[in-house]
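First the structure, in the form of structure tokens, and then the observations on it.
The values are calculated or read from the model by the stated rules, or taken from the named source; none is laboratory data. Since this is a predicted model, take the numbers as computed values, not measurements. Neighbour counts are summed over all protein chains in view; Cβ atoms, including those assigned to glycine, are modelled from backbone coordinates with ideal geometry. For accessibility, only protein heavy atoms count, side chains too; no ligands or nucleic acids. Shrake-Rupley method; radii C 1.70, N 1.55, O 1.52, S 1.80 Å.
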Amino acid sequence: MKTAIITGGSRGIGEAMVLKLAEMGYNVVANYRSDSSKALTEALIEKIEKEYGVQGLAVQADVSKYEDCEKLVNAAVAKFGEKIDVLVNNAGITNNAPFCELPQEKYMSVLETNLISAFHMCHFVVPYMVKANEGCVISTSSIGGLMGVANQADYCASKSGLIGMTRALAMEFGKQNIRFNCICPGMIWTDMLRGVNQDEVNALAMAIPMGKIGDCDDIAVAMEFLIKDKYMTGQYVSPNGGIYMP
Ligand code: NDP
């Protein structure tokens, strides 16, 4: 049986990805950070074990910290062995605040949670994939990584950084059959969006050519595609309702 590790697997897009991975037959290691998400993630693991007959593991770790990522990967290896088939770097946060008012620790936190965490996770997981001569790494970037968004300098930089990391690692590990790709979602209904001014959200929805905010499942399906298409590497796919067209 194949194994997948996903960061930020407790709710929102990550939850939909956990369910999709289980549906695809993967044993899933789902990471979360907050104490308040423990019960949620454990219930999700119970659900996939019951409904899909796979095995799961919920692991609390703050992926912005190197030692927590090591702990997360070690827990996965202890439970499922050294073959890690899929890594999904999905954990992410946003500040959505005027740049000059943003304290240093706040923008550092976005960069560390959204971007540096993916470096840490790849640093621990890719050596196992090299050993296996096979692997698939998917990072959840954003349309913010493709275009500028006011009040989101830290977020946009972190998400562009993920695309840069993905391209470079795809070059470095292509011959070892390890593929790296990004998903750049447009606006998706999750807690992240629920926390933003709803008038702004409605106005933005009207600006989307498809006229609606996307669902978490739309992103999980993109992940499935990137896992299944064995010739995709160094790319991004962007389910975004048409709001960004390169
Ligand atoms: P949510 O706020 O719903 O979920 C965020 C997830 O990330 C949670 O599982 C949370 O864990 C986890 N997380 C946050 N910080 C850490 C950390 N330091 N260590 C481990 N886990 C952490 O967000 P979304 O589902 O909306 O976002 C998922 C990804 O998609 C993010 O990378 C986001 O930037 C990206 N994205 C989202 C878009 C949207 O419109 N929603 C658009 C484009 C990209 P916990 O539950 O424990 O807090």
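Observations on the structure shown:
- So Val196, is it open to solvent by 40 Å² or more (accessible area, probe 1.4 Å), out of contact with any strand residue (DSSP E or B) (no Cβ under 7 Å at 6 or more places or on another chain), under 25 Å from Ser64 (Cα atoms) and among the hydrophobic types (A, V, I, L, M, F, W, C): no
- For Met129, the conditions (1) more than 9 Å from Leu87 (Cβ to Cβ); (2) at pLDDT 95 or above all hold with the exception of (1).
- Only one entry in Val28, Val73 is under 25 Å from Leu115 (Cα atoms), touching a helix residue (DSSP H, G or I) at 6+ places or on another chain (Cβ under 9 Å), without any contact (Cβ under 8 Å) to a residue 40 or more places away in the chain and not acidic (Asp, Glu), namely Val28.
- When restricted to residues that are at pLDDT below 95 and either within 8 Å of the ligand (Cβ to nearest atom) or surrounded by 24 or more Cβ atoms within 10 Å (Cβ to Cβ) (or both), region 1-13 contains 0.
- Index of the failed condition, Ser158 passing every other in (1) within 11 Å of the ligand (Cβ to nearest atom); (2) open to solvent by 10 Å² or more (accessible area, probe 1.4 Å): (2)
- Summed over region 161-192, residues that are open to solvent by 50 Å² or more (accessible area, probe 1.4 Å), more than 14 Å from the chain's Cα centre (by Cα) and within 30 Å of Ser36 (Cβ to Cβ) total 2.
- Qualifying residue in region 117-125 (condition: open to solvent by 60 Å² or more (accessible area, probe 1.4 Å) and at pLDDT 95 or above): yes
- Scanning region 14-47 for residues that are more than 13 Å from the ligand (Cβ to nearest atom), of a type in the set (Gly, Ala, Ser) and either closer than 18 Å to Ala78 by Cα or open to solvent by less than 10 Å² (accessible area, probe 1.4 Å) (or both) yields a single hit, Ala22.
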